[in-house]
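Student: Please find one structure pasted underneath; my questions will follow.
The values are calculated or read from the model by the stated rules, or taken from the named source; none is laboratory data. Quick caveat: nothing in here was measured; it's all calculated off a predicted structure. For neighbour counting, all protein chains shown are included, and Cβ atoms are generated from backbone atoms with ideal geometry for every residue, glycine included. What goes into the accessible areas is simple: the full protein's heavy atoms, side chains included, and nothing from ligands, DNA or RNA. Shrake-Rupley method; radii C 1.70, N 1.55, O 1.52, S 1.80 Å.
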Amino acid sequence: MKIVLSTLNAKYIHTSLSIRYLKAYAEPEYEVELAEYTIKDPSMNIVTDLHRKKPEILGFSCYIWNIEETIKVIKMMKKINPSLFIVLGGPEVTYDTKEWMERIPEVDCIIMGEGEQSFKQLLEELHGERNFTNVSGIAFRENNSVQFKPQRNKVDLKELPSPYRFEEDLSQLSKRVTYIETSRGCPFSCQFCLSSIEVGVRYFDREKIKDDIRYLMNNGAKTIKFVDRTFNISRSYAMEMFQFLIDEHKPGTVFQFEITADIMRPEVIQFLNDNAPKGLFRFEIGVQSTNDQTNELVMRRQNFNKLTRTVTMVKEGQKIDQHLDLIAGLPEEDYNSFKKTFNDVFKLRPEELQLGFLKMLRGTGLRLRAADHDYVYMDHSPYEILKNNVLSFEDIISIKQVEDVLEKYWNDHRMDETIEYLVSNVFSSPFDFFQEFGTFWDEKGWTRIGHQLEDLYKHLHDFLENAKNDDLDIVSGLMRYDYLRNQKYKPRKPWWNDALTKQERSKIYRSILDNPLILGKEFASKQLSEKDLFKHTVLETIPFNVNHYLQTGKMIEEDSIVLVHYDPIQSATSVYSAVSNELDSKVS
C-alpha cells in the first residue's frame, strides 16, 4: 500500500520533524513518502499534488496553525478517493480526540500522543487483518462508533532511528531550518503549555545526536534549532553540548535553543561569553509575565531577578542574540499589569521581544479552568482569547496595536538609535511609545497595506509631527543617521527633503578633499578621490553633535556634518562625522 505522510508548515523554510520520525521508525518494513506544504499554499494545489502521488494511506501532522487548512485538504481528498485511509496525529488532535473524530468524519484514525510505535503498529494492521484493537494510542471507527485504545509505555528515545538522514532532504538543508530534538518533556507545569502535561524529561543518546549534528553540518545545514522545551535543565548536559558545538561547528552555522534563563548559572554564561564565537548561538527565553500573582496562578516558577542577571550577562558578552517572549491575557494580568511586564522586559533591551496573545490550547489546565477567569476565546484554532475578567476586548485591541509596531520598529532593527532615544528621553515609557504610535498607525489604516523601508521612516515622522513633539528636529536627525548607516548601498533618493543645496554640498566635499583629517584618521587613510566621494558617499547635516552623542549618550545641539561611505569593494558602510563649526574654522 502506498503510504504518504504530509503536513502544512507555517512557512516554506520550516521542516516537519514529526513526520520524519514516523518515516524513520516505519522503515525498512514500510516505505513512506513525505510531502510538505505550507498553510499559504492553495488547498487545490495541495490536493492535486497529493493525488498524483496516489496514496492509499495518507497521514497528516496537525497543529493549531495548520488544522483548519488541513481539514479542507482532507475533505477534498476523501471525496476524490473514498477508499483512502486517512490518519491524523500531532498535538492539536491528541486532545478532545472524540470531538475531532465527530467533526471530521472523513478521518479513519487519530494517533494520540507520541506516534512512532502506534503508527508502525497501525501500518502492520493495515497490511494485515486490520484489527485496530491491537494498536495502542489510537482512536478509530468500528461499527459506526469511535473506539479508543490507550497508550502503552513511552518509547525508549535512545532506540529511535535518526530522522535526519534522508537523502531527499540533503538538497534543502542549506535553505531551510533544521529542527533537532535531544530530549522530550518538560520539568515545569505552566498551565498554558502542552508540555506541562507530560511528566518528566527523557533524553536521546548524546553520541547519536552529536553524529547527527555532524552529518547535518557536513551536508550544508545553516540553521539548526533545538526543540527541547528547556535545553538547560541539566547543567552538565547543556555544558557538554555547548562545548561540542563550539569545538566542531562549521562557519556560518547558527544554533538556536529555548532556555530557562533564571536557572542558568553565571559560570555557564561566562563560559559562553569567553568561548563561543559571536553569532554561533541564539537563545529564546519565555518570560511571559513579571506579575507574581499571575505566575502563581499558572503554576509558573520564575525568579525575574535571576532571569535579569542571565539576560544582562549574555547581552554584555555580545556573543549571543536573545529573543524574549511575552504573553498577553494570562490570569489576573490586566492592561496596566501587562504594561508593567512589557516595560520590565524591554528594559533588558533584548534583540527581539515577541508579544503574543494567550491561546487556550486543548488539553491545558488553563483551558480546563477557563471559567475561573471568565475567559472568552475563539472556537477554532488558534483559540486566542477575546477577553477575560480583567482584560476587555478593547484592551486586547490596544495591545495588538503595540505588537504591530514593535515588530517593525524594534525587532527588525531598522532604526535602533532613534527608537532608543524615543523610549528613553521622549515618551514616559517604552510601552507608551509603542502604544501611542501603534494607535496612530491603526487609525491611519496602515495595518492593511504593505510598506517599503522609506514608508516606515515617513510614518514615524508623521506620528511625531502629529504629536507635536518638541524633539522632532533631534529625532529627525537620528532617523536620517539610522537610515543612512543601515543601507548596504548608496540610496538613490532618501525619504526626507534634502537640506543641503548643490553648492553647499560641493563646498563641503571640497573642504574634505583639502583636509580629510577633518573626519578623522580612519577616513583620511582611505584616501578617497573626488570621484569616489561623489559616487560612493552621502553627505547630510544632523542637528546635534553626533560623535559626542554616540560616545556619551548625551545630546549637544550643534550642527554636525555626517558623511557615509558605501564601499563597493568591501560591501561595507562606514559613518564619519564632524561638528559643522569646526569644519568651517578648518576650512577658513
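Student: Looking only at segment 88-102, which residues are surrounded by 15 or more Cβ atoms within 10 Å (Cβ to Cβ) and either in contact (Cβ under 8 Å) with a residue 40 or more places away in the chain or assigned to a loop (DSSP other than H, G, I, E, B) (or both)? Before the answer, list the steps.
Tutor: Just the residues of segment 88-102 that are surrounded by 15 or more Cβ atoms within 10 Å (Cβ to Cβ), to begin with: 88-95, 97, 100-101.
Answer for segment 88-102, where residues must be surrounded by 15 or more Cβ atoms within 10 Å (Cβ to Cβ) and either in contact (Cβ under 8 Å) with a residue 40 or more places away in the chain or assigned to a loop (DSSP other than H, G, I, E, B) (or both): GLY89, GLY90, PRO91, GLU92, THR94, TYR95, THR97, MET101.
Student: Only one residue in ILE67, ILE71, ILE3 is surrounded by 18 or more Cβ atoms within 10 Å (Cβ to Cβ), of a type in the set (Val, Ile, Thr), more than 30 Å from TYR377 (Cα to Cα) and in contact (Cβ under 8 Å) with a residue 24 or more places away in the chain, so which one is that?
Tutor: It is ILE3.
Student: Sticking with this structure for a sec: Across segment 508-525, what is the number of residues that are part of a helix (DSSP H, G or I) and touching a residue at least 40 places away in the same chain (Cβ under 8 Å)?
Tutor: Residues flagged as part of a helix (DSSP H, G or I) and touching a residue at least 40 places away in the same chain (Cβ under 8 Å) within segment 508-525 amount to 8.
Student: Still on this structure, I have one more. Pick out the one residue from GLY363, GLY450, GLY445 that is free of Cβ contacts under 8 Å to residues at least 12 places away in the same chain, of a type outside the set (Asp, Glu) and open to solvent by 20 Å² or more (accessible area, probe 1.4 Å). Quick ask: steps written out before the conclusion?
Tutor: Values: GLY363 fails: free of Cβ contacts under 8 Å to residues at least 12 places away in the same chain; GLY445 fails: open to solvent by 20 Å² or more (accessible area, probe 1.4 Å).
Checking each option against the conditions leaves just GLY450.
Student: Residues being open to solvent by less than 30 Å² (accessible area, probe 1.4 Å) and either more than 15 Å from ASP262 (Cα to Cα) or out of contact with any Ser or Thr (no Cβ under 8 Å at 6 or more places or on another chain) (or both): count how many of those fall in segment 292-307.
Tutor: Residues meeting the conditions: 3.
Student: Any idea which residue in segment 127-181 is nearest to GLU207 (Cα to Cα), counting only those that are open to solvent by less than 40 Å² (accessible area, probe 1.4 Å) and among the acidic types (Asp, Glu)?
Tutor: Applying the filter and picking the extreme gives GLU181.
Student: Please go through segment 372-387 and pick out each residue that is surrounded by 12 or more Cβ atoms within 10 Å (Cβ to Cβ) and in a loop (DSSP other than H, G, I, E, B).
Tutor: Matches in segment 372-387: TYR375, MET378, SER381, PRO382, TYR383.
Student: Something else about it: Where residues in segment 404-424 are open to solvent by less than 50 Å² (accessible area, probe 1.4 Å) and without any contact (Cβ under 8 Å) to a residue 40 or more places away in the chain, which of them is nearest to ASP325 (Cα to Cα)?
Tutor: Restricting to residues being open to solvent by less than 50 Å² (accessible area, probe 1.4 Å) and without any contact (Cβ under 8 Å) to a residue 40 or more places away in the chain, the top hit is VAL405.
Student: Something else about it: Given the conditions (1) surrounded by fewer than 19 Cβ atoms within 10 Å (Cβ to Cβ); (2) more than 17 Å from LEU58 (Cα to Cα), and given that PRO105 satisfies all but one, which numbered condition is not satisfied?
Tutor: The single condition PRO105 does not satisfy is (2).
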